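Asker: What follows is a single structure, and I will ask about it in a moment.
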Ligand code: NAD
Ligand code: ZN
C-alpha cells in the first residue's frame, strides 16, 4: 500500500464507525395498487436455475384466497403457509431452515415473505439462517451474522411495523426476545401494494398502525433525534394523523398508512424507539402479548413521558372506538412482574434514547411496576 493511502487510513478515527453508522437500505422497491402482479417478472431475474426454488412464506390468513393463485410459483417453488397468531420464534426459524434443506438439494433462489411483521421477520431470519450455521438464537444481537443471506423479498399485507425497511428481525429465543440486527437482514426487494391490506380487521389495523404512530412519537421525542430521523418521523406522523384522525377515503387511507409505516421505519433506523417499546418487550416476553397491542397497552399510561403523543393517541382510540383490554397484568406473580421489569430495563438503548444518559436515575423497577399494574 502506498504511503499516502496508509496515512489516509490512519487519519480515520476508529470511533467514527461507531458514531456514524453505515446502514444498508432496501435497494429495490415497487410501489402501487396492483403492483403484486409484477412479482413474477422481478423473481425471474433472480432464479438461479429450475432446481433452486423460490420459497414463499405466506400468512395462513390467505389460505384459499385469490392471492395464493396470484403467487408466481413455478418449477419446484414452494408456498409455505404460516400462522401469525404467535410472534416468530428462533426454533420456528430453525425448523423451517431444516425443512428446506432436507427437501431441496440446492440452496433456494430466494425467500419471499408475504404478510405482516411476523411473516416478514420470519422471511428475513430464514434467508439469513440458510447460509449461516447453527441456531437462529446464536445470532440474536447486533452484527453477529457472518455470511450474506440469500436473496429475500418482503411483501407487507398490513401496515405499521416498518419491518419492511428495518435491518432487524425480532425473534423470541430460548432466553430472550431480541432481533437479529445485521447488514444482511434488510430485504433485497420490497413490494408495496396497498391493495394487499384490504382484509385486515379494524382492531388489527389500529394496533399495527399505532405501532407506526408510536415509532414516530418515540423517535421524535428521543435524545438520539437528528435531522435524518426527524425528516422521516415528521412525515410519518403527519400521515398517521391523516389516517387516524381525519375522514379520508379507505383506499387513500391504505396508501397513506403503507407509506407512514415505511417512513416510520426509516426514522427509527437512525435513532431509536423508547419507553413504550421497552415495556412492550416485557409484556411480550412474559405474557406473549403481541407487539402492536402491547405498545398500545403501555402507551396509554405514558403521559409523563409523551404528554402530547398520549393525548392524540386517546383521540385516535376514541374516534375508532377501540377498547383496549383491561386487567392484563392483574394476576401476575411477583416473579413474573420481576421478569417483566428486568426484560424492559434490559433494553438500555431505548431508555437512553427516551430519557438521556442519566435514565437510571429517572426510571426504577418500582416505577415500571406501578405502570404495569395499571395495564
Ligand atoms: P402480524 O404479522 O403479527 O399479523 C397480525 C394479524 O393480522 C394476524 O392475525 C395476521 O394473520 C393478520 N393479517 C395480516 N395481513 C392481513 C390481511 N391482509 N388481511 C387479514 N388479516 C391480515 O402483524 P404486525 O403487527 O404487522 O407484526 C407484528 C410482528 O412484527 C411482531 O412479531 C413484532 O415483533 C414484529 N416487528 C418487527 C419489526 C422489525 O423491524 N423487524 C418492527 C416492529 C414489529
Ligand atoms: Zn414497533
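Rule-based calculations on the coordinates, nothing more; no lab input. The structure presented is a predicted model; accordingly, all values stated were derived computationally and were not measured. Every residue, glycine among them, receives a Cβ derived from its backbone with ideal geometry; neighbour counts consider all protein chains shown.
Asker: With the crude spin-label approximation of a point 7 Å out along Cα→Cβ, what separation in nm comes out for residue 175 versus residue 85?
Answerer: 3.0 nm
Asker: Give me the number: length gained by fully extending residue 95 to residue 131, i.e. 0.36 nm times residue separation minus the C-alpha to C-alpha distance, one decimal in nm.
Answerer: Working: separation 36, 0.36 × 36 = 12.96 nm, distance 1.45 nm.
Gain in length upon complete extension: 11.5 nm.
Asker: Here's a follow-up. Report the convex hull volume per residue for segment 93-185, counting only C-alpha atoms, in Å³.
Answerer: Dividing the Cα hull volume of segment 93-185 by its residue count gives 88 Å³.
Asker: If you don't mind, another one. Starting from a Cα-only point model with no solvent, please compute log10 I(q)/I(0) by Debye for segment 202-372 at q = 0.20 1/Å.
Answerer: Results for segment 202-372 at q = 0.20 Å⁻¹ read -1.35.
Asker: A follow-up question, please. How would 232, 301 line up from fewest to most surrounding beta-carbon atoms within 10 angstrom?
Answerer: 301, 232
Asker: Pop a pseudo-label 7 angstrom from the Cα along the beta-carbon direction at both residue 300 and residue 357 and give the gap in nm to one decimal.
Answerer: 3.8 nm
Asker: Would you mind calculating the relative contact order of segment 202-372 from Cα pairs under 8 angstrom and at least 6 residues apart, reporting the percent as a whole number?
Answerer: Result for segment 202-372 is 28 percent.
Asker: Can you give me the relative contact order of the chain as a percent, contacts being Cα pairs under 8 Å and 6 or more apart?
Answerer: 14 percent
Asker: Here's a follow-up. Can you tell me how much longer the chain between residue 246 and residue 78 gets when fully stretched, taken as 0.36 nm per residue apart minus their C-alpha distance, in nm with one decimal?
Answerer: 56.3 nm
Asker: On to the next question. log10 I(q)/I(0), Debye, Cα-only segment 184-250, no solvent, q = 0.26 Å⁻¹?
Answerer: -1.18
Asker: Oh, and also: Short version: what are the Cα gyration tensor semi-axes of the chain, square root of 5 times each eigenvalue, largest first, in whole Å?
Answerer: With the √(5λ) rule applied to the chain, the semi-axes are 32, 27, 22 Å.
Asker: Suppose the chain between residue 144 and residue 314 were pulled fully straight at 0.36 nm per residue; how much longer would it get relative to their current alpha carbon spacing?
Answerer: Taking 0.36 nm per residue and subtracting the Cα distance, the gain is 57.2 nm.
Asker: Using Cα-only point scatterers and the Debye equation, what is log10 of I(q)/I(0) for segment 3-196 at each q in 0.08 Å⁻¹, rounded to two decimals?
Answerer: For segment 3-196 at q = 0.08 Å⁻¹, log10 I(q)/I(0) is -0.28.
Asker: Calculate, in whole percent, how much of the Cα-Cα pair population of segment 21-94 lies beyond 16 Å.
Answerer: The calculated P(r) of segment 21-94 puts 64 percent of pairs beyond 16 Å.
Asker: Let me ask something else. Do me a favour and compute the ellipsoid semi-axes for segment 224-297 from its Cα gyration tensor, root of five times each eigenvalue, largest one first, whole Å.
Answerer: Numbers: eigenvalues 112, 68, 15 Å².
Over the Cα atoms of segment 224-297, the semi-axes work out to 24, 18, 9 Å.
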